[in-house]
Each structure stands twice: as C-alpha cells, then as structure tokens.
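Values quoted throughout were computed directly from the atomic coordinates according to the rules given, and no laboratory measurement underlies them. Quick caveat, the model's predicted, so the values are computed rather than measured. We place every Cβ from the backbone using ideal geometry, glycine too, and count neighbours over all the protein chains shown.
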Amino acid sequence: MAASAQVHVLPTETYFAIVKQMLDENGQAGVRVTGMSMWPLLYHMRDSVVISKPAETGVHVGDIVLFDRRNGRYALHRVIHKGKTCFAMAGDHQWYIDRRLPYEQIVGVVTQINRNGRRLKRGNLFVKCYGFIVAVLAEPRIFLWKMVRGFRSLFARKNIGESGDLCAEGYRRERSPLDENSMVERRQSR
C-alpha cells in the first residue's frame, strides 16, 4: 500500500518567514502559486516559481516580484513602472494598479516558472516578450476595462424603468462573466 503525502497548511506569516529565511541562506526559494491574479501565465496551485533576492538579479519592468504588503499579505505581481524611489505593479489578470510601492518591500524576483515539469527561465525569450507586452499594455487595458464597465452600467440602468429601483420586480442581480467581483443588473428573461 502506497503512503499518501501529507499536506501541511501554514499561516501566511509562517510560510513567508520560511521563504525569507531560505532567500537569506540560499539566495533563492521555491513558492507555490496561489490565486488567479497572474493568470494566464501563472495558474493557481498548478504552477510554482523560483524566487531570487532582488539585489542579486535586479528589478526590471516586466519582471514578476514577490512583494510584502506589510499587512500580513504578499503579492506575486508584475512590475509595470519603475521610478527612482518606488515602483508600480499589477497582476496580469487584475484591473487595478498598485502604485508608489517602495523597493524595500520587494522580497524577491521570479527567476523561473515551473509548470508540468517544464521550466521557463527569466531570460527566456517568450517570458521576456510576454512580460514586456503585459507591462506596456497594463494601463491602457485597465482604462479600457473601466470604460466597458461604465458603458455596461449606463446601458443596464437605462432599462430599469421610471422608478429607477434596482430591486423592482423583474430584475435580479447576477455576476458578470468578465469580472467575478462586479455585479451587473440584468432583466430576468421570462
């Protein structure tokens, strides 16, 4: 009978304390990807990444960094802008940009992506081109998304009726297929 592997779930603080210790001792650490903010490049619980200390590799626009938010949470997002004292980052699959982030809070830079036995290195042409394109298009993509959401909400409210009541009979709220966090009013089909 084969032994089953046990999975230990650690609190975020404990997990990233171990990651930071591994970075200090070895210069790199492996991290399992959780969440969908970097989809389609990184997929929740399927992919893992190797992170190196930022001083050893440098941080460039298009790089993916592990960032300590200093509130007990960490983010693995792409650098889309670099300034002298701070930078901006965004997830490839997110609709907002984190701005004015201090470099001191970068824990590490992704140097390798592991997926289904394949390894994509930071210097890989596909990874570099994809990262550059996503970084350059981040602001226009988010702007266009906000415009689409605005037009959709105007159109949805236009059909509400004279009362303007979103809770009037014949209306229901349902999730938009484009954004799981937004709510869109649609008329029930009868």
Report the Cα centroid-to-centroid distance between the range 44-94 and the range 121-155 in angstrom, as an integer. 16
Give me, ordered by chain and number, the residues 5 or more places off Leu66 or on other chains with an amide H under 5 Å from its own placed amide H. Val107, Gly108, Val109, Val110
Of the listed pairs Lys53/Lys128; Lys53/Lys84; Lys82/Lys128; Lys121/Lys146; Lys82/Lys146, which have alpha-carbon separations greater than 22 Å here? Lys121/Lys146; Lys82/Lys146
Hey, rough spin-label estimate for Glu13 and Phe143, points 7 angstrom out along Cα→Cβ, what's it come to in nanometres? 4.2
